[in-house]
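Encoded as structure tokens, the structure appears first; notes follow it.
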Amino acid sequence: MSSLARFQQYADAFEEVFESDDWSHLEPYFTKDAVYEIHAAPPFGARSEGRDEVFAALKASLDGNDRRFDSRELEVLEGPELRDGAVWFRWRVRYERAGTPGMAIEGVETARFEGERIVLLEDTFTEESQAAVLQFLGAHGDQLKPL
């Protein structure tokens, strides 16, 4: 199976996990020694090593951000395509919460596969998105669903 096709399966499974919070759906998509790295300035940048830590980081992101809104909509702006042996795509996520103006963030994700499993997942957030998140949280963070 191509990396692009496998990545689409992973993306579909990730959406299932978002709804169910059952992380076992993602186990077949990551190597045991997988790495997840967020390329961004503090407080956003992070690196997690090992499948369990990767899942913990992804869960913390969903719980600390995505699930605190009423809705989230992912838009693929470019890709997915193969670049330098990895699946690459540029995305935007729009979050809505009643009583707030909503928030959008943009970035790039790459997934490097070893066979049919992700060995390295990287997210890079634009500087504008990082600033927008900090501004939004400063002005409206108290209106989000509790952690």
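The values are calculated or read from the model by the stated rules, or taken from the named source; none is laboratory data. Computed from a predicted structure; not experimentally measured. Cβ sites come from the backbone with ideal geometry, for glycine too, and all protein chains shown count toward neighbours.
Some values worked out for this structure:
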item: Qualifying positions in the stretch 69-92 - in contact (Cβ under 8 Å) with a residue 24 or more places away in the chain and either within 26 Å of V35 (Cα to Cα) or surrounded by 17 or more Cβ atoms within 10 Å (Cβ to Cβ) (or both); result: F69, R72, L77, P80, E81, L82, R83, G85, A86, V87
item: A46 free of Cβ contacts under 8 Å to residues at least 12 places away in the same chain, touching a strand residue (DSSP E or B) at 6+ places or on another chain (Cβ under 8 Å) and surrounded by 14 or more Cβ atoms within 10 Å (Cβ to Cβ); result: yes
item: Lone unmet requirement of (1) without any contact (Cβ under 8 Å) to a residue 40 or more places away in the chain; (2) within 16 Å of A111 (Cβ to Cβ) for E37; result: (1)
item: Residue in the stretch 69-100 that is farthest from A139 (Cα to Cα), counting only those that are among the basic types (K, R) and over 15 Å from the mean Cα position of the chain (by Cα); result: R83
item: Test result for L62, at pLDDT below 95 and under 24 Å from H25 (Cβ atoms); result: no
item: Residues (in contact (Cβ under 8 Å) with a residue 60 or more places away in the chain and either in a helix (DSSP H, G or I) or surrounded by fewer than 18 Cβ atoms within 10 Å (Cβ to Cβ) (or both)) located in the stretch 134-147; result: K145, P146, L147
item: Meets criteria (free of Cβ contacts under 8 Å to residues at least 12 places away in the same chain, part of a helix (DSSP H, G or I) and within 14 Å of the chain's Cα centre (by Cα)) for A131; result: no
